[in-house]
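Worksheet: one structure, shown below.
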Amino acid sequence: MIKVYGDSNSGNCLKVKWVCDRLALPYSWVEMNTMKGESRTPEFLKLNGAGQVPTVVLDDGRALAQSNAIIRHLARDSDLIPADAYDAAKMDEWLFWEQNSHEPFVAACRFQMVYLGKPVSDLDPEKLKRGYCALARMEHQLATTRFFVGERISLADGSTWVEAIRRRCRNESALPLHPTRVYPSWASQIVEVGYIRLRSGRGLG
Ligand SMILES: N[C@@H](CCC(=O)N[C@@H](CS)C(=O)NCC(=O)O)C(=O)O
């Protein structure tokens, strides 16, 4: 059985959890409190030298890190990866974009406000600006297609929706990076297609 080391407060970790759930992969979840440095112990560093979660240990004992590498591996041969080569590459385009342009700004601002209790005025204005840019780009795409890659759900949605769903569930609309017009409707579609089970999962709170 796959072992997932994850922090329930982390979108990167929750996307691994939900891919496992969506594909009904048997797994065990090992809760890690990264705020307490649990991913930096000598023992954990043997699994992932970067000292970060998510990290998974596969059935054969090999470890794998980086959320998008993990979900890509777990979802191989599934309908979460488009069969068409171009569409699969478009999915990868979004996965790289998510790590480069969404996670460091949207998720980082959320983390500072929700978990560190910082007011908006304490956030780095440049990060906020880039967060808005990321949301605008998502809106633009989702105004054109139902999901990030055309009309079918893929890992591209899985990589970005976690923050959307979490804000929606926790009524965090007061956050400056609030979901805008298209964003919540896309989040609803993801719920509708059964991608996640609201309130049934760890971390939705
Ligand atoms: N790009 C990595 C980011 C991993 C990452 O930053 N993990 C955070 C939690 S979201 C972590 O483990 N932080 C604890 C630490 O760095 O000590 C991924 O997508 O998996």
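Kindly list the number of the only condition in (1) more than 11 Å from the ligand (Cβ to nearest atom); (2) more than 22 Å from L95 (Cα to Cα); (3) modelled with pLDDT of 95 or more that fails for M1.
(3)
Kindly establish whether R130 is outside any helix (DSSP H, G or I), over 20 Å from T34 (Cβ atoms) and charged (D, E, K, R).
On the way: outside any helix (DSSP H, G or I): no; over 20 Å from T34 (Cβ atoms): yes; charged (D, E, K, R): yes.
So R130 does not fit the description; no.
Could you run through the range 142-162 and say how many residues are free of Cβ contacts under 8 Å to residues at least 12 places away in the same chain and farther than 14 Å from A83 by Cα?
So in the range 142-162, the residues free of Cβ contacts under 8 Å to residues at least 12 places away in the same chain come out as 144-145, 151.
Still in the list and also farther than 14 Å from A83 by Cα: 144-145.
The total comes to 2.
So which residues in the range 75-91 are hydrophobic (A, V, I, L, M, F, W, C), crowded, with 18+ Cβ neighbours inside 10 Å and assigned to a loop (DSSP other than H, G, I, E, B), if there are any at all? Can you show your working first?
Keep residues of the range 75-91 that are hydrophobic (A, V, I, L, M, F, W, C), which gives 75, 80-81, 83, 85, 88-89, 91.
Filter once more, keeping what is crowded, with 18+ Cβ neighbours inside 10 Å: 75, 80-81, 91.
Within the range 75-91, A75, L80, I81 qualify.
Hey, could you check the range 4-35 for residues that are among the β-branched types (V, I, T) and part of a helix (DSSP H, G or I) and say which is nearest to the ligand (Cβ to nearest atom)?
Initial filter on the range 4-35 (among the β-branched types (V, I, T)): 4, 16, 19, 30, 34.
Narrowing the set further to residues that are part of a helix (DSSP H, G or I) leaves 16, 19, 34.
Details: V16: 8, V19: 13, T34: 4 Å.
The extreme case among them is T34.
Between L58, L80, which is away from the ligand (no atom under 14 Å from the Cβ), more than 12 Å from the chain's Cα centre (by Cα) and at pLDDT 95 or above?
On the way: L80 fails: at pLDDT 95 or above.
Checking each option against the conditions leaves just L58.
Does at least one position in the range 28-47 carry a residue that is surrounded by fewer than 19 Cβ atoms within 10 Å (Cβ to Cβ) and within 26 Å of R137 (Cα to Cα)?
No: the range 28-47 contains no residue that is surrounded by fewer than 19 Cβ atoms within 10 Å (Cβ to Cβ) and within 26 Å of R137 (Cα to Cα).
Would you be able to say whether some residue in the range 126-133 is farther than 23 Å from I153 by Cβ, acidic (D, E) and away from the ligand (no atom under 15 Å from the Cβ)?
Applying the first criterion (farther than 23 Å from I153 by Cβ) to the range 126-133 yields 126-133.
Now drop any that are not acidic (D, E), which leaves 126.
Keeping just the survivors that are away from the ligand (no atom under 15 Å from the Cβ) gives 126.
So far as the range 126-133 goes, yes, one or more of its residues are farther than 23 Å from I153 by Cβ, acidic (D, E) and away from the ligand (no atom under 15 Å from the Cβ).
The values are calculated or read from the model by the stated rules, or taken from the named source; none is laboratory data. Just so we're clear, the structure is a prediction, and the values are computed from it rather than from any experiment. For neighbour counting, all protein chains shown are included, and Cβ atoms are generated from backbone atoms with ideal geometry for every residue, glycine included.
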